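The values are calculated or read from the model by the stated rules, or taken from the named source; none is laboratory data. The structure presented is a predicted model; accordingly, all values stated were derived computationally and were not measured. Here the Cβ is made from the backbone with ideal geometry for all residues, glycine too, and neighbour counts use every protein chain on show.
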Amino acid sequence: MLYDKPIFRRMGDRSVLIELGDDISPAVNERVQRLFIALDRLKLAGVLDLIPAYRSLLVIHHPLMIETDVLKDLIRDACSRLDAIRLPKSDTVTVPVVYGGRYGPDLQWVAKFHKISVREVIDLHTRPLYRVYMIGFTPGFPYLGEVPEKVATPRRKTPRTDVPRGSVGIAQRQSGIYPVDSPGGWQIIGWTPAQLFDPRKEPPSLLQMGGQVRFYEVSAEEAKQWQP
Amino acid sequence: MAAVDVLQVIAPGILSTVQDLGRYGYGRYGVAPSGALDGFALRAANLIVGNREDEACLETTLMGLTVRALADVVVAVTGGNLQPRLNRNPLEMWRSYVIGKGDVLTFSGPATGFRAYVALGGGILVPEVLGSRSTSLFSGFGGFCGRMFQKDDILAATDPDKYLNAAGRCLQPEWIPAYPTRWTLRVLWGPQDHHFTDEGRQAFCSGPYLLSSDSDRTGIRLQGPAVYTRSDVAESIISEGVITGAIQVPGDGQPIIILGETVTGGYRKIATVISADLALLGQMKPGDTVQFRVVSPAEAAQALRKEEKRIQSFKKSLPG
């Protein structure tokens with residue numbers, strides 16, 4: 001639910017955390033996106049970074065360049081005019097996925113968990129138009145929502161120490177893609193040849209908060225041939 | 001502008017990387033700041049060799065690395081006292097020297113602190129990636145080829161000969177930080193201190209906590225009095241942005257101080273280390289103990305101004 005008024009929380013003396021709602025929902029996340037856009041446009045001296053998340057925005061600042069109270073007033077002011085912020089039209093990024101086998105070691109388990117076929121899991125995972133709620137965890141990692149209830153699966157009890165880059169996973173109603181080899185606890189159902197993060201590019205992340213994603217199934221052979 | 005090869009890595013040690021003051025402005029893409037864990041030592045090192053304070057330096061951990069000079073270059077070692085030696089003779093820290101071809105800089109391990117910084121006059125010439133020369137070890141970009149140093153790597157500096165006249169500069173002794181083994185970190189409550197029980201908050205304040213050996217560049221893991229959350233809150237929170245110094249408490253009640261290698265997290269944070277004390281995080285080592293002292297925002301601001309004054313006064317004392 002969207003809050004009537006933003007809640008400010010203190011995270012040290014050099015950041016301000018603004019909560020705009022209490023749940024994971026497009027309405028709250030869109031509000032975060034508007035505030036993010038508004039503050040990004042202001043290009044305030046002393047503001048070092050903005051980290052938009054599901055329901056909050058973290059504003060990191062240099063306290064000797066801009067005082068926290070001054071910054072909070074500017075944020076409050078921006079919050080009062082969010083309806084006027086136009087959201088950018090986002091193109092849908094389509095992401096090819098090879099499901100199952102060695103590409104998706106948890107696909108069978110997810111099917112079994114829900115007592116449905118592997119085919120149904122794939123059909124359900126490729127059906128939604130996902131919203132990119134935030135980028136976090138590692139550079140370029142998208143938190144996508146929402147996975148249909150019928151395939152929403154809890155994280156693995158024991159996280160893997162090494163999830164290969166490109167792995168596509170499910171954790172409850174969220175789906176995500178691992179941009180680099182990293183540890184991870186999500187149920188891995190497939191793999192994409194798409195490059196999620198490239199520090200030589202501007203922007204370096206294939207996906208951005210507020211964007212849209214659709215998955216489609218490809219064979220291992222097609223994935224090898226695939227070009228962005 | 002001439003790039004000159006100045007140092008060759010003879011032995012890299014357990015973890016030696018290129019770091020500057022960090023990578024900001026890309027948090028929206030999940031890019032963490034990385035950067036020197038002891039920002040004060042890095043800034044001081046740069047100023048002592050005549051660089052801008054935010055140039056890239058070499059950060060070396062615990063037993064340090066061994067490098068050989070390939071050309072005349074002014075160097076300074078700051079931060080933790082890992083007992084630097086130049087051609088086997090003890091090298092005074094927080095002071096700049098010219099070293100020449102064939103000179104060997106080594107370390108014999110920590111007397112105090114955990115990480116030393118080596119600044120070179122003319123900086124360390126590596127490409128800026130996303131606005132910074134810091135190494136993102138976990139994503140493999142920035143710094144020296146996105147990785148820690150290896151044997152035979154060669155470091156270049158820009159116009160090192162123009163910095164040779166900075167040799168002999170030093171930081172005033174009274175400004176050199178002391179690195180204890182029993183630390184006190186000043187913190188501000190929040191952002192989720194209200195999710196903890198009164199007993200949990202008291203445990204957090206009383207401590208002391210032991211630095212666990214599985215601490216690394218992503219976080220300082222602590223062992224000590226368990227900090228319990230209220231029974232009516234969920235195990236995790238909805239993921240949100242985090243900063244270096246935020247102290248998260250997972251289900252086992254053992255706090256972890258977040259360092260600058262991640263931008264988001266789903267654990268609740270009871271408190272956050274104040275900016276003035278952040279540089280200390282780079283010098284705490286496994287086996288040390290830490291206690292937390294809660295301060296007010298006004299005290300945090302005053303402490304930071306005091307800390308910053310040290311650097312600013314030093315800058316003013318320098319020629320040009």
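Of the residues A:V97, A:V147, A:V93, A:V132, only one is under 24 Å from A:E202 (Cα atoms), in contact with a Phe, Trp or Tyr (Cβ under 9 Å, 6 or more places away or on another chain) and outside any helix (DSSP H, G or I); which?
Within the list A:V97, A:V147, A:V93, A:V132, the selection yields A:V132.
Only one of (1) within 11 Å of another protein chain (Cβ to nearest Cβ); (2) without any contact (Cβ under 8 Å) to a residue 60 or more places away in the chain; (3) under 21 Å from B:G207 (Cβ atoms); (4) among the polar types (S, T, N, Q) fails for B:Q302. Which number is that?
Failed condition: (3).
If you scan region B:19-49, which residues turn out to be under 30 Å from A:L207 (Cβ atoms), of a type in the set (F, W, Y) and either part of a loop (DSSP other than H, G, I, E, B) or touching a residue at least 12 places away in the same chain (Cβ under 8 Å) (or both)?
The answer is B:Y24, B:Y26.
Only residues that are more than 27 Å from A:V28 (Cα to Cα), buried (at least 22 other Cβ atoms within 10 Å of the Cβ) and of a type in the set (A, V, I, L, M): list them for region B:238-279, please.
Hits for region B:238-279 are B:I257, B:L259, B:V273, B:I274, B:A276, B:L278.
Quick one: is B:Y209 surrounded by 15 or more Cβ atoms within 10 Å (Cβ to Cβ), over 20 Å from the mean Cα position of the chain (by Cα) and either closer than 25 Å to A:L58 by Cβ or not assigned by TED's automatic domain parsing to the domain that holds B:I258 (or both)?
No.
Among what's in region A:41-90 and is under 21 Å from B:A300 (Cα atoms) and of a type in the set (D, E, K, R), pick the residue that is surrounded by the most Cβ atoms within 10 Å (Cβ to Cβ).
Selected residue: A:D49.
In region B:185-232, which residues are touching a Gly at 6+ places or on another chain (Cβ under 7 Å), under 27 Å from B:F138 (Cβ atoms) and assigned to a strand (DSSP E or B)?
Residues satisfying the conditions are B:Y209, B:L210, B:L211.
For B:V9, state whether it is touching a Phe, Trp or Tyr at 6+ places or on another chain (Cβ under 6 Å) and in the same structural domain as B:G168 (by TED's automatic domain parsing).
yes
Quick one: how many residues across region A:6-58 are more than 9 Å from chain B (Cβ to nearest Cβ), of a type outside the set (A, V, I, L, M) and free of Cβ contacts under 8 Å to residues at least 40 places away in the same chain?
5
For region B:286-320, name all the residues that are at pLDDT 95 or above, farther than 20 Å from B:I243 by Cα and part of a loop (DSSP other than H, G, I, E, B).
Residues satisfying the conditions are B:P286, B:G287, B:D288.
Go through A:G184, A:G140 for me and flag whichever is within 14 Å of chain B (Cβ to nearest Cβ) and modelled with pLDDT of 95 or more.
A:G140
The rows are residues; the columns are (1) away from every other protein chain (no Cβ under 11 Å); (2) charged (D, E, K, R); (3) surrounded by fewer than 21 Cβ atoms within 10 Å (Cβ to Cβ).
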position	(1), (2), (3)
B:A116	yes, no, no
B:I124	yes, no, no
B:R133	yes, yes, no
B:S139	no, no, no
B:D153	yes, yes, yes
B:P160	yes, no, no
B:C170	yes, no, yes
B:E174	yes, yes, yes
B:Q192	no, no, no
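Criterion first (farther than 19 Å from B:G123 by Cβ and buried (at least 16 other Cβ atoms within 10 Å of the Cβ)) does B:R186 satisfy it?
Yes, satisfied.
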